[in-house]
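Report on the structure given below.
FYI, it's all coordinate maths here, none of it is from the lab. All of these numbers come straight from a predicted model, not from anything done at the bench.
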Amino acid sequence: MASAERVGRCAPFETLERKPIKMPKAAPIKPGTPAPKSGQWKIPGSKVEVTVVQDKPMPPTPKPGQGYVIVDPTKHAKPKK
């Protein structure tokens with residue numbers, strides 16, 4: 001009977017406080033800067049999306065002070081032998 005009493009009198013379960021992990025975001029690439037990677041680039045906070053080839057200059061933005069962040073990098077297929 002002693003074991004039944006212990007089961008009913010367990011310490012209350014303490015919940016752990018979970019905080020979301022914040023990943024550092026890359027700084028936007030300014031217009032005219034050579035693209036570090038090929039792919040789809042977007043102006044944060046807008047629907048404007050452009051395709052840019054690596055080492056080619058980023059296109060102008062609609063407003064001064066805007067930049068581009070990569071949304072979908074190009075995936076290169078391995079050549080078949």
For the table K47/K78; K19/K42; K22/K63; K37/K75; K42/K63; K30/K56, the rows whose alpha-carbon distance is greater than 21 Å are K47/K78; K19/K42; K22/K63
For segment 27-68, the Debye formula with one identical point scatterer on each Cα and no solvent gives log10 I(q)/I(0) at q = 0.20, 0.22, 0.34 Å⁻¹ as -0.51, -0.62, -1.40
